[in-house]
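First comes the structure, then the notes that go with it.
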Amino acid sequence: MSSDPDFTDDVSDGFEDELFTASIPLVRSESSIDWGRLESAARAAMTRAYVPYSGFPVGAAALVEDGRIVAGCNIENASLGLTLCAECSLVSELHRTGGGRLVAFYCVDGRGEILMPCGRCRQLLYEFHAPGMKLMSTQGVKTMDEILPQAFGPEDMAAAEQRGRTQT
């Protein structure tokens, strides 16, 4: 509990309830992705952004393989280098609500326009993507492999570790 008299932990606006209670069955195909619902969740998350320095709010939402939707917003810091992108808070929310793999992703700016993840965030999303993950881009739906070709990921770490074991 915060000692700040203006602080409230009341989130009774229904935002979380709407996102986490309306699951769909395990996602198996692109046709089961409700892009409109992801866009709405990203826009709702964007309204929670903390952007006192840039004034550039961002919201992101993703569909998890079990049907949950997780969302995040950017959170700035006075030192700017410590700013968290919306994708970072989305991945944190993914783990807070049970983990899993991301199947589909949508990101918007303060005008509600589609926004592509930066390079750092593409790498972060790659770490938690399900095979065949789809991302809404300014040029339509793309796969994770299309927006981050030849990515370095967990399988590379495992291969390096395995090589190290065989050399000893």
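Brief remarks follow.
- So K142, is it in contact (Cβ under 8 Å) with a residue 12 or more places away in the chain, within 21 Å of D34 (Cα to Cα) and not hydrophobic (A, V, I, L, M, F, W, C): no
- Which listed residue is within 20 Å of I33 (Cα to Cα), surrounded by fewer than 20 Cβ atoms within 10 Å (Cβ to Cβ) and basic (K, R), from R101, R48, R120: R101
- Of all residues in segment 67-86, those being under 17 Å from I33 (Cα atoms) and in contact with a Ser or Thr (Cβ under 7 Å, 6 or more places away or on another chain) number 3.
- Note on segment 1-60: residues that are within 28 Å of H129 (Cβ to Cβ), modelled with pLDDT of 50 or more and small (G, A, S) amount to 13.
- Selection within segment 111-143 - touching a strand residue (DSSP E or B) at 6+ places or on another chain (Cβ under 8 Å), in a strand (DSSP E or B) and under 17 Å from E65 (Cα atoms): H129, A130, G132, M133, K134, L135, M136, T143
- Q123 being over 13 Å from the mean Cα position of the chain (by Cα) and among the polar types (S, T, N, Q): no
- Residues (buried (at least 24 other Cβ atoms within 10 Å of the Cβ), outside any strand (DSSP E or B) and of a type in the set (A, V, I, L, M)) located in segment 51-89: A86
The values are calculated or read from the model by the stated rules, or taken from the named source; none is laboratory data. This is a predicted model, so every value here is computed, not measured. Every residue, glycine among them, receives a Cβ derived from its backbone with ideal geometry; neighbour counts consider all protein chains shown.
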